[in-house]
Each structure stands twice: as C-alpha cells, then as structure tokens.
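Take this structure first; my questions come after.
The values are calculated or read from the model by the stated rules, or taken from the named source; none is laboratory data. Fair warning: this is a prediction, and the values are worked out from it, not measured in the lab. Don't worry about glycine lacking a Cβ; one is built from the backbone with ideal geometry, like all the others, and counts go over all protein chains shown.
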Amino acid sequence: MRVRDWTLVALAVGAVLWLAPASAPAQPATPQLLTLDFLNKTNGLPQASLIQASDGNLYGTSTAQNGAILRLTPAGTLTTLYTFSNAASGAGPESNLLQGSDGNLYGTTTAGGAYYNGTAFKISLAGTFTLLASFPANPCQIFNSALIQGSDGNFYGTTTGGTNCAGTLYRMTPAGQLSTLYTFSGPDGALPGGALLQVNGTFYGTTVQGGANNAGVVFSITPSGTFKTLLSFNGTNGAWPAAALVLGTDGNLYGTTSAGGAANAGTVFKITTAGVLTTLYSFSGNSDGFAPNGLLQGSDGNFYGTTSGGGANGCPMLPPGACGANVSSVGTIFDISASGSFATLYSFAIADGQNPSAALVQASNGDFYGTTAVGGLNNFGTVFEFGLGIGFPPVNLKGSVSSSGVVTLSWDSPNALLQPPGSPAPTGYNVYAANSWNWQNNGGFNPQPLATVTSTSTTLSNLAPGTTYYFAVAWSDASGTSGLSNVVTLTTPGSPAPPYWHWGGGALGPWLLAALLLALLWRAPAVLRPGRARAAPGGALRAAHGRCADSRRAPRRCP
C-alpha cells in the first residue's frame, strides 16, 4: 500500500474516533457499602430487616429504649415514624414489618401490652398507630415473630409461648381477634422464631429447637391446622434455624441454620415442600462468618444474606498467632447461588457496623439495604446500602512512623472512573484506628474516628509507645459514609505500655486510671453508709445489645 493510502486510512480512523460519543465512567465492578445513618440511643439496636413500602420508602423497627418505627427515604434520610412511649402500646419490636393489602404496616412487639407479652399493631404510612391485640398472659411467651398476610386476608404468626412453653402458631383477623392454630409440644418442634411462608395455600416455617434431635425442624401447616414435621435437623446438616424460609424461583424453599454444619457455625440449605433437604454451604466460622441470618433472592437469582459474626476484618486478617484463639464477632454480607457457589461480599469492622441480625431487602433501585444491631459511630447500630451504584472507599492508604512516634498517613480519593456518574466529591475523611489489644478483643476498629480531615493526609501523635496499630480511612459526603480502605499496620517505637494504657488508647491511660480511682474513693462513703436500696431499672427490654445476651434466642456463638 502506498503512503498516500495509509494517510487516508489514518484520517478515516481519526474521524470515527472523533465522532464517537465519549464513554461513560465505568461502574464499580463489585458492590460497595455506604453507611446511611449511624443510629443512637433513641433509634438504635435494630433486630429486624427493612421493607420497602408502596410509597418507595423503607421502613423498619428498632429496640432501643421501648422501641421505634423508622422510615428511610430513597435519598437516605432517616426519620422516626412512631415511638413506643408507653407499655400499653407495646415495647421492643424485634420483628420486621409487613405492608398489608390495605396499605398499612403491620407488626408485633415482644413486650408491653395488657399482659406484658407483647402486642400486634398497625400503623399507616402517615404515622397513625392502632393497637390491634395484646398477646395473652403466659409465663414463657418471650418472642413474637413477624406477621404475614395469608391468602384469606387474615394475618398469621408465631410465638414462643403456649401451654407447653414450646411455642404456638396463631391467626389474627384484620380487626385484631386472635386464635391459636397449633401448639408445639417439643418432639414436633419448639420455639418458632422466623415468620411463616405461604406457598400454594400451605404455611411453612422453622423452629429453633425441638424435633427428633432437639436441633430444630422444618414444618408445614394448612390454614385449617393440619400440621406436619417435614425435617428434623441433626447438627451435621444444621441446627437452630432461627430465620424465615424464602421461596426460590425454582419452587424450592431456602433457609439458614445459625449453628451446626461442618464447623458448627451454621449452614445454608434448600428443602423441597416434601421435606428433601440439601445442604448448600457450611460456614467455617472464620472469614466467611458464622450464625447466618435470613436469605433474600436477588433479581439475579442468587441468594443474599448476612452473618451475625465472623468475617475477614477481625482476627483472621491479622498475622498468624496475633489473636490467639479469639474469633471476632463482627459479621459479613454474602451471596450464594442455588447450586451452592458461595462468596463473601463484605466484612464489617465495627466502625462501619457490627452484628447484622436480619435479612437484607433489595429495593427498586437494585441495591440492598440492611441494618447492623450494634457498632457504628454511637455503637447503637447502623443503616446501610450495599450495591453497584456506590463508590469505592479511599484507596492506596500508606503510612510511616517517625522515631518520636508520630504517624503520617496518606491516601488517594477514588478515581472518577471508579465512581458512579454524578457522584459528589467527598467532603471529609474519617481516620479509624485500633491497636492490637482492642482489635484482638473486639475484632475491628474503634467506632469513634481518631481524626476527621478534609485533605488526603494526616499526622497522628500521642499514641502509645511500643504498640502495633491498624489504620483505615473512609470518605463521607451528603449521602453517607463509605466502606473502609485498605488497612495499614504500623508499630510505634519504644517499650510497650502497661495494659491499662489501652483503656485510654495512649498517653491518657494513667490519667484515666487515676480518675477512676478518685471516683471510687469519693463514692466509697456513700456506698458504705446504710440507705435506701435503689429500684432495679424498669422495662421489659433486654439490657444487652444484640441477640446473644437474650435467653429468648437459641444459644448461639456469641462474642
């Protein structure tokens, strides 16, 4: 080919490239986490999953104080729709809400009401609350599941009470009239925890205990009360199923057990409506998590869920032997195919949330939304969004430490090609830290940022000498707070401080110890002199954060 011909080809290619539209910035190849809200003592400690209502908003419950009903807009604005301010209306809503065919939200509480065994209620999307029923007196009724609306228009649910203290299945009319559909006795199952699932007119569910091996069962029951135990778990194939079943597009039922399996850390299973069980995955209890919560089948056909503990951001990510035998209780987000292909998608690290206790929900925008029971800025849990439309966290975190113990950190803001189109620039960065002592015992970062800056670098001083620290960074903007960057490990020079220094995180340790000692000495005369005994704190809610401290739950692997 002659030179003139090559010139013509080059000009033609250049014209094509010049006329072609510019490509849009690439979407993140993997889903990312965005913390939408750090909950507090008035709206925190959520135990249930969110739901998306017909108005496009997400609704959920929290258990802090007497409990509340929360509303989250698609833009991420969280408000309290209703506060359970008196025992008569109920207290401690631990189960997710349901939008009924009339457009109202329906739910239950675990305490309060006329007999202190909880209530059933409805609330409009505008916040008008109606008490429907108080569960009857029973000394062993300590948990009421979420409601479902049957094909007959009535509502169905489970309790852990009953004449045998093994639980009941009940029906409630839209007007609030309760009737017992079935009472468990133990061999047929005990302590139903998850909501029921109706398939072709028949209800399916699980119990945490009971059955042939006292490891829980899967059961079915017709609306007329015909009951059948489909399967008794034996530990090897799982134990203590505490979450509701979900119906897969293939017609099988899918669920989880919070214990049992190869490592006694829980399983994911599928079961036919005839009771044929297939174990899809057994958790190891380490980086893949343990004690899985409920499942959700996503629009891609895979199942998504959370684990209450474990994950890569605890001891498993530290050097071998750094944590001894400690297994962190932090939690994960995972997905699994119908054939059992498993992947951990995200590991929490306390600063971004800890101990998710419920299933995810996939909103109309395709992203997943959920809550963590504790952790986050105030240690009362978080509300988060997880999906492909969320930008990456800061990248390329690097650090150094000087001979005087000053740490210098620098990082990069995520490249524009990694961010969704139209993403605002970060308005600030949170720098999180943990030393080897509190990471070993807590499994993650201190939820309070060590520093908040607007630039992509910072220096940190006043750290404990001779101590190994772990650092990570998250960006924040009007939409929320990102996930965490890569982790940098640095060791300050000098001799390690005594253990009490860890209480203050550095040089404030001895002063904190002295202040505590003075407080005890000042308080001693008042403690020693006789006086009136103070009444125990009131309220029916558990004092500890999370499920593990609650006797109403199955014995689970707890932090």
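Please enumerate the residues belonging to the stretch 172-205 that are part of a strand (DSSP E or B) and free of Cβ contacts under 8 Å to residues at least 40 places away in the same chain.
If the condition is that a residue be part of a strand (DSSP E or B) and free of Cβ contacts under 8 Å to residues at least 40 places away in the same chain, then Ser179, Thr180, Thr183, Gly186, Ala190 are the ones that fit.
Restricting the search to the stretch 342-390, which residues are assigned to a loop (DSSP other than H, G, I, E, B), among the small types (Gly, Ala, Ser), farther than 20 Å from Ala48 by Cβ and in contact with an Asp or Glu (Cβ under 9 Å, 6 or more places away or on another chain)?
If the condition is that a residue be assigned to a loop (DSSP other than H, G, I, E, B), among the small types (Gly, Ala, Ser), farther than 20 Å from Ala48 by Cβ and in contact with an Asp or Glu (Cβ under 9 Å, 6 or more places away or on another chain), then Gly389 is the only one that fits.
Then there is this: Can you find, within the stretch 65-121, the residue that is surrounded by the fewest Cβ atoms within 10 Å (Cβ to Cβ) among those that are small (Gly, Ala, Ser) and touching a helix residue (DSSP H, G or I) at 6+ places or on another chain (Cβ under 9 Å)?
In this case the residue turns out to be Ala114.
Hey, another quick one. Output the residues belonging to the stretch 446-467 that are surrounded by 18 or more Cβ atoms within 10 Å (Cβ to Cβ) and in a strand (DSSP E or B).
Hits for the stretch 446-467 are Thr458, Leu460, Leu463.
Scan the stretch 40-52 and report the pairs whose first residue is within 22 Å of Gly366 (Cβ to Cβ) and whose second residue is basic (Lys, Arg), with Cβ atoms within less than 8 Å and a gap of 6+ or a chain change.
If the second residue must be basic (Lys, Arg), no pairs are left.
Would you mind stating whether Leu45 is in a strand (DSSP E or B), out of contact with any helix residue (DSSP H, G or I) (no Cβ under 7 Å at 6 or more places or on another chain) and buried (at least 24 other Cβ atoms within 10 Å of the Cβ)?
In short, no.
Could you please tell me which pairs satisfy a Cβ distance under 6 Å, a separation of 6+ or placement on different chains, a first residue in the stretch 401-412 that is assigned by TED's automatic domain parsing to the domain that holds Ser455, and a second residue that is of a type in the set (D, E, K, R)?
Hits for this filter: Ser410/Lys398.
Asn144 passes all but one of (1) under 24 Å from Pro223 (Cα atoms); (2) over 28 Å from the mean Cα position of the chain (by Cα); which number fails?
(2) is the only condition that Asn144 fails.
Evaluate the following for Asp250: is it assigned to a loop (DSSP other than H, G, I, E, B), of a type in the set (Asp, Glu) and out of contact with any strand residue (DSSP E or B) (no Cβ under 7 Å at 6 or more places or on another chain)?
Yes.
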